[in-house]
Amino acid sequence: MNTPTKTLLRLFTIVHAFMTLLFACAALMLITIATRVGWVAFTADLDQAAAQAIIEAVGLLAAAVVALQIAQTIAEEEVIRDVQISAPTRVRRFLSRFLVVVVVALAIEGLVATFKALHENTSELIYAAGVIFSVGVLLAGWGIFVRFNRYAEELEPEAMEEAKLEDMKLK
């Protein structure tokens, strides 16, 4: 590879490392805010408002998990590994990791929105239902994606073995 290309790839690695740091910082801030909201609810009267605050804290923690998982995925896939993500097996694995995080976080957000709507404004239930329906659609799409990938991985078993070896290096 020529020097300008190496320099550009190194720049991309630096940008990805910075993005990883930003996502990790966002996760820490969300955890801090969720802790404060939860603590205020815990020290207040144990009533409906406290329950709502705890539910809100759970939603914030779900968002923190998403940010942290994205940071970890970017770090492992773009910063630590010395290979490019152009390999189809790596792309499929990256997307699967990302979809796991998104589906779980949206499911938690859908539950938080449902509880909040039930206790504050029932007309908001339609939006909570929309989020939960979207989780179902994403889950079904992800299932189809995984099914099709099984066929693709049978066509290129050496790429899957290479990806597994890379995973062992990260542990």
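The values are calculated or read from the model by the stated rules, or taken from the named source; none is laboratory data. Keep in mind it's a predicted model, so treat the numbers as computed, not measured. Neighbour counts run over all protein chains shown; Cβ positions are idealised from the backbone, glycine included. Side chains are part of the model used for accessible areas, which takes the heavy atoms of the whole protein and leaves out ligands, DNA and RNA. Shrake-Rupley method; radii C 1.70, N 1.55, O 1.52, S 1.80 Å.
In Å², what does the accessible area per residue of the chain work out to with a 1.4 Å probe?
Working: 11160 Å² over 171 residues.
Result: 65 Å² per residue.
The distance between label points at GLU153 and CYS25 comes to 3.7 nm (points 7 Å beyond Cα on the Cα→Cβ vector).
For segment 48-60, putting each phi into the Karplus relation 6.51 cos²θ - 1.76 cosθ + 1.60 with θ = phi - 60° gives couplings of 4, 5, 5, 4, 4, 5, 5, 4, 5, 4, 5, x, 5 Hz, in residue order, rounded to whole numbers and with x for Gly and Pro.
For the peptides 99-107, 131-139, residues were scored by their other Cβ atoms within 10 Å and the scores averaged per peptide; the highest-first order is 99-107, 131-139.
Using bins 10 angstrom wide from zero, how does P(r) for the chain break down, in % of all Cα pairs? The distribution over the chain is 9, 26, 29, 21, 11, 3, 0, given as percents.
Contact order, relative form, for the chain: 21 percent (alpha carbon pairs under 8 Å, 6 or more residues apart, mean separation divided by residue count). Here the chain exposes an accessible surface that is 72 percent carbon and sulfur, computed with a 1.4 Å probe and the other protein chains kept in place. Distance between the pseudo-spin-label points of THR32 and ILE126 (7 Å out from Cα toward the beta carbon): 3.9 nm.
What FRET efficiency comes out for the pair LYS6/VAL91, r = Cβ-Cβ distance, R0 = 30 Å, nearest 0.05?
The pair LYS6/VAL91 has a calculated efficiency of 0.85.
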